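Reviewing the structure listed below.
The values are calculated or read from the model by the stated rules, or taken from the named source; none is laboratory data. Just so it is clear, the structure is predicted and the values come from calculations on it, not from any experiment. Every residue, glycine as well, gets a Cβ built from its backbone with ideal geometry; the counts of neighbours run over all protein chains shown.
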Amino acid sequence: MISIRDYKGKHVHMIGIGGSSMSGLAEMLLHEGYTVTGSDNANSHAVERLREKGITVHVGHAAENVHGADLLIFSAAIAPDNPERQEAKRLGIPEMERSTLLGQLMQGHKDAVCVCGAHGKTTTSSMIAETFLECGMDPTVHIGGRLDALGGGSRIGKKDVFVAEACEFHGSFLEMHPTVAVVLNIDADHLDWYKDIFDIERAFGKFLSLLPDTGLAIGWGEDRRIMRLFSKLRCESRTFGLEECNDYYPENLTYNDTGCPRYDVMYRGEKLAHVELRVAGSFNVINSLAAFASAHALGVDVQAAAASLSRFAGVHRRFEFTGLIDGVKMYHDYGHNPAEMKAALSVGKQQHPNHLWAVMQPHTYSRVKGLFNDYLTCTEAADYTLVTDIYAAREKDPGDIKAEMVVEGMKEHGINAVHTPTFDDTEKYLRAHWQSGDLVLTMGCGNINLLNEQMQLHGDTK
């Protein structure tokens with residue numbers, strides 16, 4: 001087993017360094033005294049930030065980029081035939097996968113809080129990180145999004161607490177070393193890697209088995225798969241959810257006119273604090289309860305934790321307002337599977353727009369194929385749905401799944417759907433049909449956020 005600590009002071013090269021996780025890890029390595037270089041397929045804000053810190057980043061992947069490196073770091077999205085991985089193999093340069101690096105950097109911390117689940121990981125881990133930070137702790141943080149309180153997606157703190165997203169993609173979370181595991185949900189996703197939902201559940205069981213006997217599992221008590229796994233644990237477990245059968249649950253739950261929840265936090269029948277969230281949606285009640293439970297378990301003052309959660313303003317690319325054009329509110333959400341898109345649209349509906357527009361960029365052919373039927377109804381809350389071409393990401397077009405098939409299936413389910421293949425097509429359609437007072441929500445974890453930037457750059461047409 002390769003250990004990152006054996007390369008202290010040496011040259012580490014990172015492929016895909018501009019990614020949300022990889023860029024944060026690069027900063028951590030730089031801080032720890034490693035010489036870091038990297039490559040990415042495009043310029044980005046993250047790439048520019050790394051360059052400002054003195055890290056050399058090449059745009060484009062080329063064999064010569066790895067010359068002089070002592071160790072290569074790559075993510076699961078980087079295929080073995082990548083020219084830099086091929087050159088590293090030829091030169092005998094050792095390789096380490098991103099999640100292995102994250103797990104190794106986590107080791108040595110007194111408390112490692114790992115947040116997993118198909119949905120809500122970034123928001124919940126951000127809530128936890130911000131709460132710990134505002135309540136006097138000095139956590140090291142690694143999340144999959146940009147949080148203003150951190151100035152990015154990572155933070156280097158003391159060796160007491162490490163907060164991290166633990167993603168199930170390619171079994172990455174099995175490389176973690178949790179002392180506290182927060183399980184938000186177990187749902188079907190990444191079916192290009194897992195056989196089925198039962199295979200996914202088994203993977204979550206393996207993740208929970210990484211907890212020491214003195215560890216703690218915190219999970220959504222209304223997810224039967226989570227509860228089935230919790231029943232087999234040797235360590236302590238606690239639950240959160242909307243029902244009183246959970247350890248942590250809300251009482252006197254209400255919503256304001258934009259869908260932001262307010263509630264009393266109850267713990268086993270006792271009121272601990274009052275929370276008034278600035279982020280909308282019933283799913284954020286669940287996320288905030290998970291964050292509160294984590295803070296409570298680590299001894300954070302409950303009133304301070306509730307106050308911090310009440311100040312939490314969200315994470316970039318999570319129902320993020322990007323601008324007003326022609327009287328139309330533009331939002332973007334990172335949601336990239338049907339369940340997340342449905343949840344994001346429920347928040348859009350709570351804003352009471354004249355018309356609600358869903359703009360979907362389906363992400364990866366395998367996901368669209370695996371969850372095809374779920375895609376056909378996930379935008380039913382919207383008045384209009386626009387579907388761009390499928391974002392391939394790490395995959396090659398298999399030729400048997402197209403965005404047009406999603407649109408036709410949506411129409412058969414009564415969805416007012418239109419195929420707008422490119423961003424230019426989508427912008428043209430929106431501007432020709434929207435009305436002042438409408439709300440447009442673009443959704444996807446590919447590059448669909450660039451449509452918002454493109455339209456904001458073009459500005460009002462009136």
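What is the one condition in (1) under 19 Å from the mean Cα position of the chain (by Cα); (2) crowded, with 23+ Cβ neighbours inside 10 Å that ALA339 does not satisfy?
(2)
Among the residues of the stretch 135-144, is there at least one that is closer than 20 Å to GLY120 by Cα and surrounded by fewer than 18 Cβ atoms within 10 Å (Cβ to Cβ)?
The answer is no, given that none of the residues of the stretch 135-144 is closer than 20 Å to GLY120 by Cα and surrounded by fewer than 18 Cβ atoms within 10 Å (Cβ to Cβ).
Say we look at the stretch 183-240 and pick out the residues that are crowded, with 19+ Cβ neighbours inside 10 Å and of a type in the set (Phe, Trp, Tyr); which of these is modelled with the lowest pLDDT?
Among those residues, the one meeting the criterion is TYR194.
Could you pull out the residue among VAL275, VAL279, VAL285 that is over 20 Å from the mean Cα position of the chain (by Cα), β-branched (Val, Ile, Thr) and crowded, with 17+ Cβ neighbours inside 10 Å? Walk me through how you get there before you give the answer.
Values: VAL279 fails: over 20 Å from the mean Cα position of the chain (by Cα); VAL285 fails: over 20 Å from the mean Cα position of the chain (by Cα).
Just a single option satisfies the conditions, and that option is VAL275.
Please tell me if VAL279 is part of a loop (DSSP other than H, G, I, E, B), on the phi < 0 side of the Ramachandran plot and out of contact with any helix residue (DSSP H, G or I) (no Cβ under 6 Å at 6 or more places or on another chain).
Yes, satisfied.
Those residues that are surrounded by 13 or more Cβ atoms within 10 Å (Cβ to Cβ), free of Cβ contacts under 8 Å to residues at least 60 places away in the same chain and over 23 Å from PHE169 (Cα atoms), I need them from the stretch 33-50; list them, please.
Result: TYR34, THR35, VAL36, THR37, SER44, VAL47, LEU50.
Filter the stretch 414-451 down to residues that are in a helix (DSSP H, G or I) and buried (at least 22 other Cβ atoms within 10 Å of the Cβ) and give me whichever is nearest to the chain's Cα centre (by Cα).
Across the stretch 414-451, the extreme among qualifying residues is LEU451.
Tell me which of these PHE292 doesn't satisfy, since it passes every other one: (1) more than 21 Å from the chain's Cα centre (by Cα); (2) in contact (Cβ under 8 Å) with a residue 24 or more places away in the chain; (3) buried (at least 17 other Cβ atoms within 10 Å of the Cβ); (4) within 25 Å of LYS110 (Cα to Cα).
Condition (1) is where PHE292 drops out.
Strands (runs of 3 or more DSSP E) wholly in the stretch 34-134 with at least 2 residues that are closer than 30 Å to PHE283 by Cα - which ones?
Because the criterion is at least 2 residues that are closer than 30 Å to PHE283 by Cα, the strands (runs of 3 or more DSSP E) in the stretch 34-134 that meet it are 111-116.
Mind listing just one residue for me: the one in the stretch 255-272 that is among the aromatic types (Phe, Trp, Tyr) and within 26 Å of the chain's Cα centre (by Cα) and, of those, farthest from VAL113 (Cα to Cα)?
Looking at residues that are among the aromatic types (Phe, Trp, Tyr) and within 26 Å of the chain's Cα centre (by Cα), I get TYR255.
So which strands (runs of 3 or more DSSP E) are wholly in the stretch 312-410 and hold at least 3 residues that are charged (D, E, K, R) and at positive phi?
none
If you take the residues of the stretch 379-407 that are acidic (Asp, Glu) and exposed (fewer than 14 other Cβ atoms within 10 Å of the Cβ), which of them is farthest from GLY335 (Cα to Cα)? Break it down into steps so the answer makes sense when it comes.
Filtering the stretch 379-407 for residues acidic (Asp, Glu) gives 380, 383, 389, 395, 397, 400, 404.
When the remaining residues are screened for being exposed (fewer than 14 other Cβ atoms within 10 Å of the Cβ), the result is 397, 400, 404.
On the way: ASP397: 22, ASP400: 24, GLU404: 20 Å.
Checked the stretch 379-407; the qualifying residue farthest from GLY335 (Cα to Cα) is ASP400.
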